[in-house]
Structures are given as C-alpha cells and as structure tokens.
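Here is the structure we will look at, set down as structure tokens.
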Amino acid sequence: MAGEGGVARHVAIIMDGNGRWAKARHLPRAIGHQRGVEAVRRLVRALGETSIECLTLYAFSTENWRRPDEEVGDLMNLMRRFVKSDLPEFIANDVKLHILGDWRGLAPDIVEMLEDALSRTAGGARTLAVALNYGSQQEIARAATAAAAEGEITVESIERHLDSAGLPPLDLLIRTSGELRLSNFLLWQSAYAEMIFTDVLWPDFTPEHLTDALAEFTRRERRYGGR
Ligand code: IPE
Ligand code: IPE
Ligand code: MG
C-alpha cells in the first residue's frame, strides 16, 4: 500500500485557538468561539470543491467539561444555534451529518435536535462528522466492550464498533493554534494518518488554508511500514 500522491478523502481537524484569538483582540472568549463557528461554516461551504468525502471536526471534548460553566454554556448555545441555522444549507449542499462521541449525554434538547439533523441529512453524499462530548480513549473502551460482548477482540472487531465505523480511513489530521498534541482525539484512527500542525488560530482558518494542507498531503509519501 506504499505510495504518494493520492488525495485526502477523510480529513479531521482539531479546531483550537478560539480563546487565544479573542484574547489577542481583548474580546470575550465567547466571541472567539462565535468566530470559530464562522470558520466551520466557510469550510463546510467549500467542501464541494475539494477531494474530501468526510470532514471530521473536534467540537467538544469530554475534558472540555472542566471549563467554567459559563464557557460550557456558551459552547452549547453556539451548537444549538449552528445546527438550527445551518441545517437547511447542509441538506441543500448534500452534506450528511455524522456524530462521534457520547452525544446522547448532552442536554435533551440538543440530543433531539441532533437526532432530527441526522435523519434529515441521511441522504447526503459528503459527510460532516462532528466530535461532540468526544474522548478517544472512552470511544476505544466502548468499542472494545462491545466487541468482547460479541466474541473475539480483534483490530477489526474493535473498528466495527468505533464511532467512526463506516467512515473512510483517516488520511490527514490538522491541528490549529500551534499545539503539538492530540488531546484525546482519534487516537486509534490516527495510526497511519498524516499530520499537519499549523500556528493559525482556528477563527482565522480559511478554505485556502485547507487547500494548502490538502496540497501538502499529496506531497507526502505514505509507507504504512513498508518501503
Ligand atoms: C478551541 O478553542 C475550542 C474548543 C476547545 C471548544 P479553545 O477555547 O481551546 O482556545 P484556546 O486554546 O484557549 O486558545
Ligand atoms: C481540543 O482542544 C478540543 C477541541 C478542539 C474541541 P483543547 O483546547 O481542549 O485541548 P488542550 O486542553 O489544549 O489539550
Ligand atoms: Mg485550546
């Protein structure tokens, strides 16, 4: 399976740096998160012009509950507003929503809204996968438990039970804001993913940055342990 070139079908992004973006402008963190949502919107709109079949976005981690209640509340409200305002556009643009993480543990009105969005976008051709209340270690533990209940624990049986089951293999993982860590995101799926770390803060991330990352990806040589 060695080879270079090729296009990225599945790209995942750790959208980081909203707080620092706001701080640099002496604005409240909530404004940084709002501008972060706008960056998501720009990217989803541009998806049709890329090779990407699935874009996975890290929106809220299981560890993000450790933030002050006010910030968690702001993030949840932004999520509500985003789903409500952008759902018609997803449907019009053939975007199918997929969710990773323990999203059923979110507030009941959000769960209901997401269930509705999942069913109304089910026919979409390109996937927007959103990691919500997501922790990769927890995902792997859940998948291993489910696999064990069915029989043997193997790489394949675990994969069948991951939240990412059915999505294309992860090709490229991008993290913004200069942090060089995975923060409990797609640990299993990243086994052979290419990684790009950029100093750009998430609210400043544009479709052009994504195009640059995709071009960089095509220049990488993937060897999968072979030669
Ligand atoms: C990313 O931005 C958004 C979420 C984690 C929800 P941050 O809020 O982590 O921004 P920084 O890292 O503090 O700049
Ligand atoms: C990762 O960013 C989570 C999301 C982008 C949703 P964090 O800002 O929470 O990660 P750490 O705390 O810097 O590792
Ligand atoms: Mg951060």
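The table below gives the values:
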read-out	value
Burial ranking of peptide ranges 77-83, 198-204, 221-227 (average Cβ count within 10 Å, highest at the top)	198-204, 77-83, 221-227
Portion, in percent, of the accessible area of the chain that falls on carbon or sulfur, probe 1.4 Å	51
Debye, to nearest 20: dipole size of the chain, +1 on Lys, Arg Cβ, -1 on Asp, Glu Cβ	420
Where the stretch 79-227 is the region considered: accessible area per residue in Å², 1.4 Å probe	51
Per-peptide average of other Cβ atoms within 10 Å, ordering 50-56, 120-126 highest first	50-56, 120-126
Fluctuation leader among 134, 192, 58 - the chain, Gaussian network, Cα springs under 10 angstrom	192
Gain upon complete extension [residue 222, residue 65; 0.36 nm per residue less C-alpha separation]	52.9 nm
Rule-of-thumb Rg ratio for the chain [Cα; 2.2 N^0.38 Å; N residues]	1.01
Summed side-chain charge close to residue 188 - residues other than residue 188 whose Cβ falls under 11 Å, Lys, Arg +1, Asp, Glu -1	-3
Highest-MSF residue in the chain out of 33, 209, 98 [GNM, Cα springs under 10 Å]	209
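The values are calculated or read from the model by the stated rules, or taken from the named source; none is laboratory data. Remember, predicted model here, so these are calculated numbers, not experimental data. As a convention, Cβ positions derive from the backbone with ideal geometry for all residues, glycine included, and neighbour counts pool all protein chains shown. We work out accessible area using only protein heavy atoms, side chains counted, and drop any ligands, DNA or RNA first. Shrake-Rupley method; radii C 1.70, N 1.55, O 1.52, S 1.80 Å.
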